[in-house]
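Participant: Structure below; questions to follow.
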Amino acid sequence: MLRSHPLAGMRRPAQPLPRLSLPLGDVALLLRTAGKLVADARSEDHTPAGRRRLFEAEQIQLLVRLAADSGARRGELAALRIGDLEDRVLHICRNISGPSTVTTPKGNQYRTLTLGQTTVDLWNAHTDRWPPPRRGCDWLFSASPDRYTFVQPRGLAARFARLRVVSGVPEASLHRLRH
């Protein structure tokens, strides 16, 4: 009935490109730019708006350092709490998915990893400077120093995107830092 096989001549879907890591030079540039943002924010006025800019600049710096050092997914980074770091050991036991759903990490696997001392020092300096005002307000990445709510994963990506533009590394992403 048919002159040829219906699938004859069809091609299979293209293979996806391999996931690429970010070159170390680009990571170093992102870290330097984040450090410069913090230095610039420290030199600004000490009004509430200036303190908020400093808080966000420090969080961006910590975000880049943690993403590069831990390889955590952005939902896992968004779900970090201050108490998740013990000495140099980071416990990744939460993930944020959707608008406000706190779940287990991908694959339902809790994991622990050892962070570099520079990352730990940055974490400790940030949490010492901006301590949680009361129990239960201890999200590491928060929209304000009260740490009452977490920043959505897409909010972390937006912060990183602003850093990417300022640093001149357009192909950088949190996911590429993971690799």
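Derivation of every value follows stated rules applied to the coordinates shown; laboratory data play no part. Note that the structure is a prediction, hence the values are computed from the model and not measured. Reconstructed Cβ throughout: ideal geometry from the backbone, glycine too, with neighbour counts over all protein chains shown.
Participant: What number, rounded to the nearest 500 deg cm²/dmol, is the helix-based mean residue ellipticity at 222 nm of the chain, given -39500 (n - 2.57) per DSSP H run of at least four residues and division by all its residues?
Facilitator: Rounded to the nearest 500, it is -14500 deg cm²/dmol.
Participant: Let me ask something else about it. What is the angle, in °, between the Cα long axis of helix 48-70 and the longest principal axis of the Cα atoms in the chain? Nearest 10 is fine, range 0 to 90.
Facilitator: 50
Participant: Of the candidates Thr119, Thr101, Thr33, which one comes out as most mobile in a Gaussian network treatment of the chain with C-alpha springs shorter than 10 Å?
Facilitator: Thr101
Participant: Answer with one residue from Leu17, Ala157, Gly50: the one whose Cα lies farthest towards the positive end of the charge dipole of the chain, charges on Cβ with Lys, Arg +1 and Asp, Glu -1.
Facilitator: Leu17
Participant: Here is a follow-up. Between Leu90, Leu177, Pro133, whose Cα lies farthest towards the positive end of the dipole of the chain when Lys and Arg beta carbons carry +1 and Asp and Glu beta carbons carry -1, centred on the Cα centre?
Facilitator: Most positive-ward Cα: Leu177.
Participant: For a label point 7 Å from the Cα of Arg88 along Cα→C-beta, name the residues of region 100-120 whose backbone N is under 20 Å from it.
Facilitator: 111-120
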